[in-house]
Amino acid sequence: LSTWANVPAGPPDPILGLTVAFKADKDPRKISVGVGAYRDDHGKPYVLSSVKKAESLVASTNPDKEYLDITGLPEFNKNVALLAYGADCSPLKAGTIAVTQTLSGTGALRVGGAFMQRFFPTGKVIYLPSPSWGNHTPIFRDSGLEVRQYRYFDKKTAGLDFAGLKEDIQNAPAGAIVLLHACAHNPTGVDPTPAQWKEISDLVKEKKLFPFFDMAYQGFASGNTTKDAFAVRYFVEQGHQVALCQSFAKNMGLYGERVGAFSLVTADPEEKARVESQLKIIIRPMYSNPPLHGARIVNAILSDKGLYKEWESEIEVMANRIINMRDRLYDLLTSTHNTPGEWGHIKSQIGMFSFTGLTPSQTKALVEKAHIYMTADGRISMAGLNSGNIDYFAESVSKAVR
Ligand code: PLP
């Protein structure tokens with residue numbers, strides 16, 4: 001008998017499984033709107049010009065391949081905190097934010113989850129929006145936290161269920177952790193307005209909850225990194241000691257480089273040093289220290305005025321292309337095809353994703369009959385659409401809902 005005879009087969013990852021099926025499909029009309037990775041208007045992966053220049057710049061210094069510190073590249077940590085929290089942030093100016101480089105956003109969430117499990121003083125319960133990114137639940141469960149949900153998406157309006165959100169946060173036990181998508185909520189594309197963020201901040205404070213931000217899309221929502229950091233910066237201004245996960249997968253297109261950061265706002269430099277010492281103790285047995293290359297690229301962009309400016313304009317181009325696709329899709333579904341139903345949410349939703357409202361049987365029909373690959377929840381990555389395939393996409397969706 002094999003040692004592994006009792007290992008049960010697990011289900012394939014619902015999103016990455018789609019990519020496999022998409023690649024195997026020979027139909028020329030096939031469209032992938034499953035995975036949240038940016039594509040240019042020819043449907044091709046896009047390496048940012050600022051990234052290419054940063055890579056040359058890094059290479060020109062002929063850098064060594066020594067190990068990084070356990071918490072990564074120090075200048076990277078400094079610059080990414082500045083990007084997220086802003087130059088006016090008091091804790092940042094006071095040097096009280098503990099930052100560590102991580103294996104992209106997922107690694108930040110996992111290190112953060114482990115830190116909360118080990119040191120968060122008031123219970124081990126984390127509330128996630130319903131729905132949330134599919135990986136959040138297993139990440140926090142594997143970190144040893146109890147995962148619960150708060151209402152977020154209102155199917156009827158395809159918008160925010162703000163009353164439900166407030167009621168559920170109101171009823172959370174004091175001392176629970178609340179996970180908040182900083183911007184461009186995945187999978188719904190629905191974000192609170194600034195006024196709603198202010199109410200959420202008050203509620204979190206009043207109920208003595210702990211805000212844990214996941215910011216995987218800074219810049220991708222509005223095209224502007226400052227605008228997209230509003231929620232995080234507002235919470236910090238209001239005196240919340242936030243936790244923050246950052247990813248450079250989407251906003252710099254560095255998906256496979258696995259570069260991100262986890263940070264915690266602490267009370268003073270002495271506390272920060274203690275927190276950092278424990279982050280090191282968590283990371284060292286997990287993966288010892290993070291990879292070099294991506295951090296060098298990000299740091300080169302963030303520390304060079306010219307590259308920074310070019311990067312900002314490239315984010316704007318990506319965000320605007322997605323916004324254009326939203327407008328086009330809306331017009332095609334409504335004016336061109338007279339598709340039954342309400343489609344205004346396609347335009348009002350924010351960021352890479354749209355929660356279309358398509359049912360599991362409709363999405364199944366799209367995958368099987370139209371070669372359009374998307375998840376059963378009806379989420380589409382707007383970045384998968386382009387001027388060459390959007391007509392076929394809209395026509396197929398219109399057929400699927402009749
Ligand atoms: N958080 C959210 C909400 C995401 O959508 C993603 C990626 O899809 C991530 C975190 C982490 O991605 P990565 O680990 O590639 O940075």
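The values are calculated or read from the model by the stated rules, or taken from the named source; none is laboratory data. As the structure is a prediction and not an experimental result, all values here were calculated from the model. For neighbour counting, all protein chains shown are included, and Cβ atoms are generated from backbone atoms with ideal geometry for every residue, glycine included.
Descriptive notes on the structure:
- A Cβ distance below 8 Å, combined with a sequence gap of six or more or placement on separate chains, defines the contacts here; from the range 286-313, residues that are closer than 12 Å to L57 by Cα reach residues that are buried (at least 23 other Cβ atoms within 10 Å of the Cβ) and among the hydroxyl-bearing types (S, T, Y) in the pairs I301/S50; L307/S50.
- Selection status of V7, under 21 Å from Y217 (Cα atoms) and either in contact with a helix residue (DSSP H, G or I) (Cβ under 9 Å, 6 or more places away or on another chain) or not basic (K, R) (or both): no
- Residue within the range 209-216 that is free of Cβ contacts under 8 Å to residues at least 40 places away in the same chain and either of a type in the set (A, V, I, L, M) or more than 13 Å from the ligand (Cβ to nearest atom) (or both) present: yes
- Pairing residues of the range 242-253 that are on the phi > 0 side of the Ramachandran plot and of a type outside the set (A, V, I, L, M, F, W, C) with residues that are within 7 Å of the ligand (Cβ to nearest atom) and not in a strand (DSSP E or B), at Cβ distances under 6 Å and at least 6 apart in sequence or on separate chains, gives no pairs at all.
Every residue, every condition in (1) closer than 27 Å to A300 by Cα; (2) surrounded by 24 or more Cβ atoms within 10 Å (Cβ to Cβ); (3) not charged (D, E, K, R), yes or no:
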position: D202; (1), (2), (3): no, no, no
position: K207; (1), (2), (3): no, no, no
position: F210; (1), (2), (3): no, no, yes
position: S222; (1), (2), (3): yes, no, yes
position: K227; (1), (2), (3): yes, no, no
position: F230; (1), (2), (3): yes, no, yes
position: E237; (1), (2), (3): no, no, no
position: V242; (1), (2), (3): yes, yes, yes
position: A249; (1), (2), (3): yes, no, yes
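- Index of the failed condition, K78 passing every other in (1) assigned to a loop (DSSP other than H, G, I, E, B); (2) basic (K, R); (3) under 23 Å from the mean Cα position of the chain (by Cα): (1)
- For the residues E271, E257, the requirement of being modelled with pLDDT of 95 or more, acidic (D, E) and out of contact with any helix residue (DSSP H, G or I) (no Cβ under 6 Å at 6 or more places or on another chain) singles out E271.
- Hits in the range 132-146 - residues which are in contact with a strand residue (DSSP E or B) (Cβ under 6 Å, 6 or more places away or on another chain) and either modelled with pLDDT under 95 or within 14 Å of the ligand (Cβ to nearest atom) (or both): H136, T137, F140
- Scan of the range 173-200 for residues that are farther than 18 Å from V232 by Cα, surrounded by 20 or more Cβ atoms within 10 Å (Cβ to Cβ) and over 17 Å from the mean Cα position of the chain (by Cα), ordered by number: A176
- Residues satisfying the criterion are absent from the range 104-117 (criterion: of a type in the set (G, A, S), modelled with pLDDT of 95 or more and more than 16 Å from the ligand (Cβ to nearest atom)).
- Odd one out for F220 among (1) aromatic (F, W, Y); (2) touching a residue at least 40 places away in the same chain (Cβ under 8 Å); (3) closer than 26 Å to V275 by Cβ: (3)
- Tally, over the range 362-384, of residues that are of a type in the set (S, T, N, Q) and within 21 Å of the chain's Cα centre (by Cα): 2
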